[in-house]
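Participant: So that we are looking at the same thing, I have put the structure below in structure tokens.
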There are 2 protein chains.
Amino acid sequence: MTIKHYLPGIMMKDSNETNDLQKAGLKATLPRLKILKFLESTDIRHLSAEDVYKSMLDSGDEVGLATIYRVLTQFESAGLVTRHHFEGGHSVFELNEGKHHDHIVCVKCGKVEEFYDETIEERQHVIADKNGFNITDHALTIYGICSDCK
Amino acid sequence: MTIKHYLPGIMMKDSNETNDLQKAGLKATLPRLKILKFLESTDIRHLSAEDVYKSMLDSGDEVGLATIYRVLTQFESAGLVTRHHFEGGHSVFELNEGKHHDHIVCVKCGKVEEFYDETIEERQHVIADKNGFNITDHALTIYGICSDCK
DNA sequence: TGTCCAAATGCGAAATATTCTCATTCTTAT
DNA sequence: ATAAGAATGAGAATATTTCGCATTTGGACA
Ligand SMILES: [Mn+2]
Ligand SMILES: [Mn+2]
Ligand SMILES: [Zn+2]
Ligand SMILES: [Zn+2]
């Protein structure tokens, strides 16, 4: 295990983020650490690459936009984030916290709620079997008007 | 009813496509008629704007790409076509034949199969209610490997 | 702890997909 | 047949994402 000496007599493990990156096979570079910490700290769970770029800029952590794109894609491959294609076409990312879920999005204000429905999950496997497919993934997004907007 | 005289003594109604466009509140222009006829005649149901443009070019019906985009968007608003956002980001269109369905897409070869599952449809309404949303739409796409590809 | 090298970054250019602008052409009501 | 407004085509513009390459950095190892 990697150990760093920060204060005399105290041994401190590397940060959680450093470990998470290394476990994912990614070097713990400053931009990657900043992006991961940002995703863990923000209260907005579903963000475009541009959103991440601008929010980080605002909080003083500038990382090049191309790097944001590269790192989010790497995080996706590593299973650290999930990418969605809501209406509008462009990608939206969210920190992967282990529990799969789908989304219901307000077409007026853009609010995103998450849900998980076991029945729907099961039916999808039945459908895939019926069509001779091995499921790799799925995306279900319900669009509607939220209670605030109607 | 609009009547056109094509041959002496024979009365011919306007084409179905002309009527469909007019019912949709769209002028029956040549590009729109060509695009609609193309969508009705092709055996590939799910096409990008570029696909439509190139296929029509190949069959000698050139329509400007900007017009393809404009017309497909108008057709979508009129309910004549449906737009999807499968993985990859860009829009895919299909002629609307009245029966709602969702899709299962092969991530290897791109094959698209259609399905309809009443149980899933019902659960979505339960979920929307639970979250205080009025459903306007939804998109479910299952991704997997088709029987040909595994 | 210092050195070295592959890997990562930042920047601007390029690629993609889509929309816009505007001069010209077409549709349709009269 | 005409005229007015709507639609089209061509290319410019925009938005999103990726790429190329010179420079920097992380971390393995001396
Ligand atoms: Mn989510
Ligand atoms: Mn379909
Ligand atoms: Zn809302
Ligand atoms: Zn396949």
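Participant: Do you know which residues across the range A:94-123 are more than 30 Å from A:Tyr69 (Cβ to Cβ) and either out of contact with any helix residue (DSSP H, G or I) (no Cβ under 7 Å at 6 or more places or on another chain) or of a type in the set (Asp, Glu) (or both)?
Facilitator: If the condition is that a residue be more than 30 Å from A:Tyr69 (Cβ to Cβ) and either out of contact with any helix residue (DSSP H, G or I) (no Cβ under 7 Å at 6 or more places or on another chain) or of a type in the set (Asp, Glu) (or both), then A:Asp117, A:Glu118, A:Glu121, A:Glu122 are the ones that fit.
Participant: Of the numbered conditions (1) in a helix (DSSP H, G or I); (2) at pLDDT below 95, A:Arg70 satisfies every one except a single condition; which is it?
Facilitator: Of the numbered conditions (1) in a helix (DSSP H, G or I); (2) at pLDDT below 95, the odd one out for A:Arg70 is (2).
Participant: For the range B:86-150, which strands (runs of 3 or more DSSP E) that fit wholly inside it have 2 or more residues that are among the aliphatic types (A, V, I, L, M)?
Facilitator: Counting at least 2 such residues, we get B:92-95, B:102-106, B:134-145.
Participant: Can I ask one more? Restricting attention to the range B:97-111, and to residues there that are more than 7 Å from chain A (Cβ to nearest Cβ) and open to solvent by 40 Å² or more (accessible area, probe 1.4 Å), which single residue is farthest from ligand 4 (Cβ to nearest atom)?
Facilitator: Here the residue is B:Gly98.
Participant: Using the structure shown, decide if A:His125 is open to solvent by 40 Å² or more (accessible area, probe 1.4 Å) and assigned by TED's automatic domain parsing to the domain that holds A:Tyr53.
Facilitator: no
Participant: Suppose we keep only residues that are near DNA strand D (Cβ under 10 Å from one of its atoms) and touching a helix residue (DSSP H, G or I) at 6+ places or on another chain (Cβ under 8 Å) within the range A:35-51. Which one would you say is farthest from the other protein chains (Cβ to nearest Cβ)?
Facilitator: Within the range A:35-51, the match that is farthest from the other protein chains (Cβ to nearest Cβ) is A:Glu50.
Participant: Of the residues that sit in the range B:112-150 and are of a type in the set (Phe, Trp, Tyr) and facing chain A (nearest Cβ under 7 Å), which one is nearest to ligand 4 (Cβ to nearest atom)?
Facilitator: B:Tyr143
Participant: Here's another thing I want to ask about it. Give me the pairs: first residue in the range B:68-96 and open to solvent by less than 40 Å² (accessible area, probe 1.4 Å), second residue part of a strand (DSSP E or B) and acidic (Asp, Glu), beta-carbon distance under 7 Å, and six or more apart or on different chains, which are they?
Facilitator: B:Val81/B:Glu94
The values are calculated or read from the model by the stated rules, or taken from the named source; none is laboratory data. All values reported here derive from a predicted model rather than from experimental measurement. Quick reminder, even Gly has a Cβ in these numbers, built from the backbone with ideal geometry, and neighbours come from all protein chains shown. Heads up: the accessible areas ignore ligands, DNA and RNA and are worked out on the full protein's heavy atoms, side chains in. Shrake-Rupley method; radii C 1.70, N 1.55, O 1.52, S 1.80 Å.
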